[in-house]
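Have a look at the structure below before the remarks.
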Amino acid sequence: MLSEKEKLEHDMLLILGETVHPIGCGTLSALLGKREYDLSEATVGRLLRDFDLAGYTEKSGFQGRTLSDQGRSRLVALTEREKRFHWETEFSSAL
């Protein structure tokens with residue numbers, strides 16, 4: 001099971017990966033709000049800066065950010081971890 005921090009990271013990377021154009025803090029904050037997160041633009045901006053440092057996102061000037069190849073790899077890893085947890089839970093329940 002993903003931690004709360006990893007779940008947020010997964011959802012942010014997923015949103016960034018689903019869009020064609022760069023996304024800024026305000027748009028990302030609003031989209032996260034639709035997923036039941038209550039994060040300010042400033043908080044989202046700090047998280048995006050952390051993503052930049054980790055290599056998960058690429059800054060596109062003042063337009064926002066896009067998901068990098070490394071970010072796509074991280075998203076796949078988090079998704080696989082979550083799937084594995086659900087499979088293990090189902091398997092344990094079946095036994």
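The values are calculated or read from the model by the stated rules, or taken from the named source; none is laboratory data. Given the structure is predicted, the values throughout are model-derived calculations rather than measurements. As a convention, Cβ positions derive from the backbone with ideal geometry for all residues, glycine included, and neighbour counts pool all protein chains shown. Surface accessibility is based on the protein's heavy atoms, side chains included, excluding ligands, DNA and RNA. Shrake-Rupley method; radii C 1.70, N 1.55, O 1.52, S 1.80 Å.
Looking across Gly17, Gly71, one residue alone is surrounded by 15 or more Cβ atoms within 10 Å (Cβ to Cβ), assigned to a helix (DSSP H, G or I) and of a type outside the set (D, E, K, R). It is Gly71.
Here Gly61 fulfils each of the conditions (1) at pLDDT 95 or above; (2) open to solvent by 40 Å² or more (accessible area, probe 1.4 Å) apart from (1). Taking the conditions (1) free of Cβ contacts under 8 Å to residues at least 40 places away in the same chain; (2) in a helix (DSSP H, G or I); (3) among the aliphatic types (A, V, I, L, M) in turn, Leu39 satisfies each one other than (2).
For Phe51, state whether it is outside any helix (DSSP H, G or I) and either modelled with pLDDT of 95 or more or open to solvent by 100 Å² or more (accessible area, probe 1.4 Å) (or both). For Phe51, the condition - outside any helix (DSSP H, G or I) and either modelled with pLDDT of 95 or more or open to solvent by 100 Å² or more (accessible area, probe 1.4 Å) (or both) - is not met.
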